[in-house]
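Heads up, the thing below is written out as structure tokens.
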Amino acid sequence: MPDARRRPTALWVPVLAYMAFIFALSSISHTPAMPSGADKWLHSLLYSGLGALFARAIAGGWRSVSLGHVVLTVCFGAIYGASDELHQYFNPPRNVEFADVVADTIGAGASAVALHAWGIIRGRDAL
């Protein structure tokens, strides 16, 4: 089986597909009512998936996520989260919330940190 590091398409297509999925969700005008704060958990969960895929893509695989990759993933999560909120601004009656961007950033960062930690743990197992 070819190494994913040599196949950028295998790394980046899932990221782009996930971004398109988030864009499609943001295009829904009327979302279901949720208890207060529940949408922040959903934002974090959704962006944790995007963060994991993005960290994997920039690292070239699941096990080699460095602290630098974590920082880039956090920045990416914040930027894409902000662009998502901007998209919602043009989709009435959706509203823009800074707290959503914070939740997006936390979700993306949490998954990148988890992948970094997993790489460290797996490295210790090989010793």
Residue hits (segment 58-99; touching a Lys or Arg at 6+ places or on another chain (Cβ under 7 Å) and not basic (Lys, Arg)) are GLY60, GLY61, TRP62, GLN88, ALA99
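State which residue is nearest to LEU45 (Cα to Cα) when the search covers only segment 77-96 and only residues that are in contact (Cβ under 8 Å) with a residue 40 or more places away in the chain and not in a helix (DSSP H, G or I). Break it down into steps so the answer makes sense when it comes.
Step one: list which residues in segment 77-96 are in contact (Cβ under 8 Å) with a residue 40 or more places away in the chain, which gives 80, 84, 87-88, 91-94.
With the extra rule that they be not in a helix (DSSP H, G or I), the set shrinks to 91-94.
Values: ASN91: 22, PRO92: 24, PRO93: 23, ARG94: 20 Å.
Per the criteria, the residue is ARG94.
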Note on GLY119: of the conditions (1) of a type outside the set (Lys, Arg); (2) over 23 Å from LEU16 (Cβ atoms); (3) touching a His at 6+ places or on another chain (Cβ under 9 Å); (4) surrounded by 16 or more Cβ atoms within 10 Å (Cβ to Cβ), unmet is (3)
How many residues of segment 23-73 are among the hydroxyl-bearing types (Ser, Thr, Tyr), surrounded by 20 or more Cβ atoms within 10 Å (Cβ to Cβ) and assigned to a loop (DSSP other than H, G, I, E, B)? The answer is 0
Output for Cβ contacts, cut-off 6 Å, separation at least six or different chains, first residue under 16 Å from VAL96 (Cα atoms) and in contact (Cβ under 8 Å) with a residue 60 or more places away in the chain in segment 13-30, second surrounded by 13 or more Cβ atoms within 10 Å (Cβ to Cβ) and of a type outside the set (S, T, N, Q), reads SER26/ASP84; SER26/HIS87
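Check segment 91-109 and report whether any residue there is aromatic (Phe, Trp, Tyr), surrounded by 16 or more Cβ atoms within 10 Å (Cβ to Cβ) and out of contact with any strand residue (DSSP E or B) (no Cβ under 9 Å at 6 or more places or on another chain). Don't jump to the end; show me each part of the working.
Here is the first cut: in segment 91-109, the residues aromatic (Phe, Trp, Tyr) are 98.
Subset that is surrounded by 16 or more Cβ atoms within 10 Å (Cβ to Cβ): none.
No.
When residues of segment 74-87 are filtered for being touching a Ser or Thr at 6+ places or on another chain (Cβ under 8 Å) and surrounded by fewer than 18 Cβ atoms within 10 Å (Cβ to Cβ), how many remain? Outline the logic, then answer.
Going through segment 74-87, the residues touching a Ser or Thr at 6+ places or on another chain (Cβ under 8 Å) turn out to be 74, 77-78, 81, 84, 87.
From what's left, surrounded by fewer than 18 Cβ atoms within 10 Å (Cβ to Cβ): 87.
Matching residues across segment 74-87 total 1.
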*asked:* Any residue at all in segment 17-27 that's among the hydroxyl-bearing types (Ser, Thr, Tyr), modelled with pLDDT of 95 or more and either under 29 Å from ARG122 (Cβ atoms) or under 13 Å from the mean Cα position of the chain (by Cα) (or both)?
replied: yes
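The values are calculated or read from the model by the stated rules, or taken from the named source; none is laboratory data. Being a predicted model, the structure only gives us computed values, none of them experimental. Here Cβ is always computed from backbone atoms with ideal geometry, including for glycine, and neighbour counts include all displayed protein chains.
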